[in-house]
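One structure is given below, encoded as structure tokens.
The values are calculated or read from the model by the stated rules, or taken from the named source; none is laboratory data. On a predicted model such as this, the values are computed, not experimentally measured, just so you know. Here Cβ is always computed from backbone atoms with ideal geometry, including for glycine, and neighbour counts include all displayed protein chains. Protein only, heavy atoms only, side chains kept; ligands, DNA and RNA dropped before computing areas. Shrake-Rupley method; radii C 1.70, N 1.55, O 1.52, S 1.80 Å.
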Amino acid sequence: MPFRVIERFAKPKAPDTEMEDAIAVTSDFCAVFDGATSKANQSTISGHTTGRQAVEILSKAICNLPPESSVSQCGNFLTASVNDFYRQNALCELIRNQPERKLTASAVIYSVRKNEVWFFGDCQCRINNQTYKNGKNIDTVLASVRCDILNYLIRHGHQTETLRL
């Protein structure tokens, strides 16, 4: 069953920063890629941020993903596309030695054939006014720990305004 894109919009985090997100639509898939901000604060060999480079590779790769792919086949295919980029640009050793320079992105992909939505990474989507999240357990645990610490400090006389810093 074909689908129709009724709206698409992407905007960088700040006015003078490179867009690290992308929307890719084919007859078989609709994908939203969110490039991860580099931990190394360095560009790739192409002059783009690692997040931008990742979404460019993934946006092109999704166009070649076989329509009958499963979620695991999709994940393997997209990962192989990034690995191919590393090999073609002699970056394998660099990535092994400096893993913080990896090209990474989160993605939400809709498969027309499977009528499924696939989540890769920490992302969310909204379908028919319902939000679906794919958060990480560690984020929930850390939020709980922060909450406990803040409650303890407030009970022991710290002012809320000073804890916001």
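Considering (1) touching a residue at least 60 places away in the same chain (Cβ under 8 Å); (2) in contact with a Cys (Cβ under 8 Å, 6 or more places away or on another chain); (3) of a type in the set (Ser, Thr, Tyr); (4) over 21 Å from Gly135 (Cα atoms), say which one Ser27 fails and leave the rest.
For Ser27, the exception is condition (2).
Find the residue count for segment 118-144, including only residues that are open to solvent by less than 70 Å² (accessible area, probe 1.4 Å) and either out of contact with any Asp or Glu (no Cβ under 9 Å at 6 or more places or on another chain) or among the polar types (S, T, N, Q) (or both).
9
How many residues are in contact with a Phe, Trp or Tyr (Cβ under 7 Å, 6 or more places away or on another chain) and assigned to a loop (DSSP other than H, G, I, E, B) when one looks only at segment 118-150?
So the count comes out to 1.
In this structure, does Glu161 turn out to be assigned to a helix (DSSP H, G or I), at pLDDT 90 or above and surrounded by fewer than 10 Cβ atoms within 10 Å (Cβ to Cβ)?
No.
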